[in-house]
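To start, the structure under review is shown below, and the notes come after it.
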Number of protein chains: 2
Amino acid sequence: MIVVQKYGGTSVGDVDRVKRVADRIARTRRAGNQVVVVVSAMGKTTNELIKMAEEISDDPPGRELDMLLTAGERISMAVVAMALHELGVPARSFTGSQAGIITDARHGKARIVDITPGRVKEALDDGDVVIVAGFQGVSQDTKDVTTLGRGGSDTTAVALAAALDADVCEIYTDVDGVFTADPRIVPDARKLDRVSFEEMLELAAQGAKVLQVRSVEFGRNYGVEIHVRSSFSYSQGTWVGPEEKKMEDAIISGVAHDTSEAKLTLKGVPDKPGVAARVFTALAEANVNIDMIVQNVSAEGVTDISFTLPRGETKHADEVLSTLSDEIGATGVDIDDSIAKVSLVGAGMKTHPGIAARMFAALSDAGVNIEMISTSTIRISVVVDGDDVETAVRAIHDAFDLSDGMVGKEQGA
Amino acid sequence: MIVVQKYGGTSVGDVDRVKRVADRIARTRRAGNQVVVVVSAMGKTTNELIKMAEEISDDPPGRELDMLLTAGERISMAVVAMALHELGVPARSFTGSQAGIITDARHGKARIVDITPGRVKEALDDGDVVIVAGFQGVSQDTKDVTTLGRGGSDTTAVALAAALDADVCEIYTDVDGVFTADPRIVPDARKLDRVSFEEMLELAAQGAKVLQVRSVEFGRNYGVEIHVRSSFSYSQGTWVGPEEKKMEDAIISGVAHDTSEAKLTLKGVPDKPGVAARVFTALAEANVNIDMIVQNVSAEGVTDISFTLPRGETKHADEVLSTLSDEIGATGVDIDDSIAKVSLVGAGMKTHPGIAARMFAALSDAGVNIEMISTSTIRISVVVDGDDVETAVRAIHDAFDLSDGMVGKEQGA
């Protein structure tokens, strides 16, 4: 078997943890597998490097920031390789560039455009364990070092697994897998044994931090089986893969929440064709990332347009809209910094009516007011007051009996 | 002009120093020069990385150790480039590999075999300042990252200056230049305005730490003018270049000392042809680095052979010799860990007789016993007791009137 394993910064946080990770890799190798390991930077290294850059410049050039940050994985991959040698397991480390991770030139958020893993394959054929620096690549045009953005190591791992036609891509983290809700909010949240790519995409996009969205997209596009599991135990985690027939029984996978967004409302907008287009074109041109959009029913020829966006982009969006507001004859902009988004995700939703009604009733019973609603075929998201987020997550989790020991009942329903 | 500047770890030791270095680079650029900057790792970074490697393995593989250590220069080159951008000076950083520093594959002590600075030249032509990671390259055969060994950044700088046909290679350090003796031992030691490559080679090889021996060899072989100067002032330092006619007047350049060696003596060696060859062949095969060798006059058909070597290799050499001692009929091995080597260097020595006699008399007057002597055409070295090193350096420095203000007299003599 070809096994790709990815270890995050916490898993390689210090020398002792590096040794423990090496031990796990050595076992996988000795079991007869060919092993490729993708590592993140140790512990808080990346944050420390960013802090140093900020002390030097408010706006460091992306090329140089990428050069700086990639030093982090360089350190962790070398020490993991050393720890393996110490265990008698030959290992060779490769930078993203050496491993053939070819990207575009968008520094800080580069996208993988190709993988040419010739050196990785050679080393595997020699019997070596291969350690690859996560989160980084080399740009096709400029030959400069690039980074894939935060969480990019997941993407490196899944993309390499696809390129090598690996049997499994194991993502090691500090939790046991994907849960029906954040266990810090819902203590009896249940670990999922298996979720589909589509569900995982929705969960990740709606705030579940266990896997990076782009890595799941890669997995889905290339059919890579992903196993999310804990680096602190040997128990099975959560498998992420193609949707299976028997999955239809499980209506709901879980509840995700996201407290990183804000809500902007453009008020008193004349209800005419083309107005919404002008608003969102202006925001797109200003590189504002819009998430949910809701337009209220028109009353007396005017309406309100609300949308959510990353909180860090609020000021910028406000500037764009304040200028536009006069031009289109709107009456002003409202900002709400204290919101939370709570989402219910489940592939079975497609064939089971009444899920939304049950979710809204649960929120109402818990005294939580719904400010916005948006849905996909396998997801229902609501925006609520930020202070209500834990109440909302628990209420929904309870309403669908997602806790341990109650699943059988629900699935049989 | 094309100017190559090299800044050591102390010069870029923290964010404030990085900004100061950037300011100096910016001035050089704004004066109309094309500037290439070679940087070492910040402050104690390299030592910290080595410490981490040692915590993981007693004998880390060279390839991985090089991968680890090169993270240090990667960090410093990126932050120096950022600091330049902040001053409005466009700058681009390159790893050793990107800058075309091609080496052999001897990890930890690789030798530069070629320089292909295409990307460096392109960036210079674009008007950018180029920042290059010192101390590192990429191996010709394996394409693996290599390091040149401690002090390798000096070599990177001089080699790049040669490849770019630069007008000067400025080596920035924390002292004002090359001195007639270590100012910590001889407070009135004088800064030299100019020394020849040959003298600098002898001074560096005999313990002067201001320049790395291999960088001076590169300078001599390719005729690169080297300017050793302080990163904390704008005053002129010491120029290292080809010997000049007028240099003949200066008999003596300076006194160097080295306390890092030990002395081994193989006693009661039969005075027969081929014995010395057997001894030093055995040591060479065991990779022991021999420095000075002295064989005493034979008495009653037996002799003693003494030599100096790096103190860290004493144990290894002792093992080799103890085995050999019986085979060749010697009586045993003596180890002296407390020695110092003191050397007098000067190009004028070649044409001025009596220098050795004057040096030995000075030592005798100061009560310092000479244990070994070795000479080259422009150097006289003696081994003395380790406790006598400061007395010896001062006595010789005084005897040749090397201090500030006394030079004119000496040179006129």
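The values are calculated or read from the model by the stated rules, or taken from the named source; none is laboratory data. It should be emphasised that the depicted structure is a prediction, and the values quoted were computed from it without experimental measurement. Cβ placement follows ideal geometry from the backbone for every residue including glycine, while neighbour counts extend to all protein chains displayed.
Considering region A:41-60, the residues that are assigned to a loop (DSSP other than H, G, I, E, B) and either within 14 Å of chain B (Cβ to nearest Cβ) or over 24 Å from the mean Cα position of the chain (by Cα) (or both) include one that is nearest to residue A:133 (Cα to Cα), namely A:41. Annotation note: of B:4, B:18, the sole residue that is within 8 Å of chain A (Cβ to nearest Cβ) and not in a loop (DSSP other than H, G, I, E, B) is B:18. Just one residue in the set B:345, B:294 is in contact with a Leu (Cβ under 8 Å, 6 or more places away or on another chain) and of a type in the set (A, V, I, L, M); that residue is B:345.
With A:24, A:63, A:29 as the choices, which residue is charged (D, E, K, R) and either within 11 Å of chain B (Cβ to nearest Cβ) or part of a loop (DSSP other than H, G, I, E, B) (or both)?
The unique qualifying residue is A:63.
Residue-wise test of (1) assigned by TED's automatic domain parsing to the domain that holds residue A:387; (2) touching an Asp or Glu at 6+ places or on another chain (Cβ under 6 Å); (3) surrounded by 20 or more Cβ atoms within 10 Å (Cβ to Cβ).
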| residue | (1), (2), (3) |
| --- | --- |
| A:200 | no, no, yes |
| A:213 | no, no, no |
| A:219 | no, no, yes |
| A:222 | no, no, no |
| A:271 | yes, no, no |
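Taking residue B:377, is it surrounded by fewer than 16 Cβ atoms within 10 Å (Cβ to Cβ), out of contact with any strand residue (DSSP E or B) (no Cβ under 6 Å at 6 or more places or on another chain), among the polar types (S, T, N, Q) and under 17 Å from residue B:206 (Cβ atoms)? Judged against the criteria, residue B:377 is a match.
How about region A:183-203: which of its residues are touching a residue at least 40 places away in the same chain (Cβ under 8 Å) and assigned to a helix (DSSP H, G or I)?
A:197, A:198, A:199, A:200, A:202, A:203
For residue B:265, the requirement of being in a helix (DSSP H, G or I) and on the phi < 0 side of the Ramachandran plot is not met. Candidates in region B:79-94 are the residues that are among the small types (Gly, Ala, Ser) and more than 7 Å from chain A (Cβ to nearest Cβ); of these, the one that is nearest to residue B:40 (Cα to Cα) is B:91.
Here the helices (runs of 4 or more DSSP H) wholly within region B:312-413 that include at least 3 residues being modelled with pLDDT under 90 are B:314-328, B:355-365, B:407-412.
Yes/no matrix, rows are residues, columns are (1) under 23 Å from residue B:93 (Cβ atoms); (2) at pLDDT 95 or above; (3) acidic (Asp, Glu):
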site: A:116; (1), (2), (3): no, yes, no
site: A:122; (1), (2), (3): no, yes, yes
site: A:128; (1), (2), (3): no, yes, yes
site: A:132; (1), (2), (3): yes, yes, no
site: A:137; (1), (2), (3): yes, yes, no
site: A:142; (1), (2), (3): yes, no, no
site: A:146; (1), (2), (3): yes, yes, no
site: A:151; (1), (2), (3): no, no, no
site: A:161; (1), (2), (3): no, yes, no
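Being among the charged types (D, E, K, R), out of contact with any Lys or Arg (no Cβ under 6 Å at 6 or more places or on another chain) and either away from chain A (no Cβ under 13 Å) or crowded, with 18+ Cβ neighbours inside 10 Å (or both) is a description that applies to residue B:73. Annotation: residue B:10 fulfils all but one of (1) more than 17 Å from residue B:127 (Cα to Cα); (2) in a helix (DSSP H, G or I); the unmet one is (2).
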